[in-house]
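As C-alpha cells, the structure follows; a few thoughts come after it.
The values are calculated or read from the model by the stated rules, or taken from the named source; none is laboratory data. Computed from a predicted structure; not experimentally measured. As a convention, Cβ positions derive from the backbone with ideal geometry for all residues, glycine included, and neighbour counts pool all protein chains shown.
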Amino acid sequence: MKTTPPSRSTQHHQPAPQNDLHALMKENAAADFCGVTPRTLQGFRLKGRGPRFVKISARCIRYRKVDLIEWQESLLVQSTSENKIAMEGEKS
C-alpha cells in the first residue's frame, strides 16, 4: 500500500523550541519575558529605548529572545548613582 505525504494544509506549524534564541516571540510573550506590560514595550519602541524588534508589518511586531537578553544586559548597573546618570542623559 502506497502512502502519500500530508498536504501542506494538513501540516501544522511546530512552534520553535524554548531554547531557540532567534525564534520570533509575540509582544505578549516578550513582555512576560521582560517582566513588563505590552504597553510598556510599545512605549519603549516609540521612544527608541527598548529592545530591538522585528517589524513584520505596521501591526505585526515580533521579538527575538537574543535581543531581549541583550537589552536586559545593557541595563545592568552596579550602583544607584549609575542609574541616575543614565536617566539624566535621557532628558537631554
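Miscellaneous remarks
Table: residues versus (1) over 13 Å from the mean Cα position of the chain (by Cα); (2) modelled with pLDDT under 90; (3) surrounded by 13 or more Cβ atoms within 10 Å (Cβ to Cβ); (4) not polar (S, T, N, Q).
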residue	(1), (2), (3), (4)
27	no, no, yes, yes
34	no, no, yes, yes
41	no, no, yes, yes
57	yes, no, no, no
86	yes, yes, no, yes
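- Residues of region 21-71 that are of a type outside the set (D, E, K, R) and part of a strand (DSSP E or B): 24, 25, 54, 56, 57, 60, 61, 63.
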